[in-house]
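Visitor: Structure provided below as structure tokens; questions to follow.
Values quoted throughout were computed directly from the atomic coordinates according to the rules given, and no laboratory measurement underlies them. These numbers come from a predicted model, not from an experiment.
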Amino acid sequence: MTEHTTPGTDAGPATATDSTPAPDAAEALQQQLVQALMGIIGAPDDAETARAADTVLRALDARLAGETAAA
């Protein structure tokens, strides 16, 4: 079985103690999508891995659609 992460809804703002700014939510989702696709490459027949990638892709699509609508 492969390990995957659940897409986050918000990366949150950076705090005063952070040395680097927190990535925005879309950027975090893009990174999660890359990880999920790498998981598919490593386990192309694993349905759970594919579902996890689909979840991340849908979350990223919704985030980008929201950003486009707001612009």
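Visitor: Report the gain in length on full extension from ASP45 to ALA71: 0.36 nm times residue separation, minus Cα-Cα distance, nm rounded to one decimal. Write out the running numbers ahead of the final one.
Guide: Working: separation 26, 0.36 × 26 = 9.36 nm, distance 3.91 nm.
Here the segment from ASP45 to ALA71 would lengthen by 5.5 nm.
Visitor: If you wrap region 26-71's Cα atoms in a convex hull and average its projection over all directions, what's the area in nm²?
Guide: Numbers: hull surface 11.5 nm².
Its average projected convex-hull area is 2.9 nm².
Visitor: Between ALA26 and ASP54, what is 0.36 nm times their sequence separation minus the Cα-Cα distance? Round to one decimal in nm. Each step should come with its number before you reach the end.
Guide: Details: separation 28, 0.36 × 28 = 10.08 nm, distance 1.54 nm.
Between ALA26 and ASP54, full extension yields an extra 8.5 nm.
Visitor: Work out, step by step, the length gained on full extension between VAL34 and LEU64: first 0.36 nm times the residue separation, then minus their alpha carbon distance; give nm to one decimal.
Guide: Extra length available between VAL34 and LEU64 comes to 9.2 nm.
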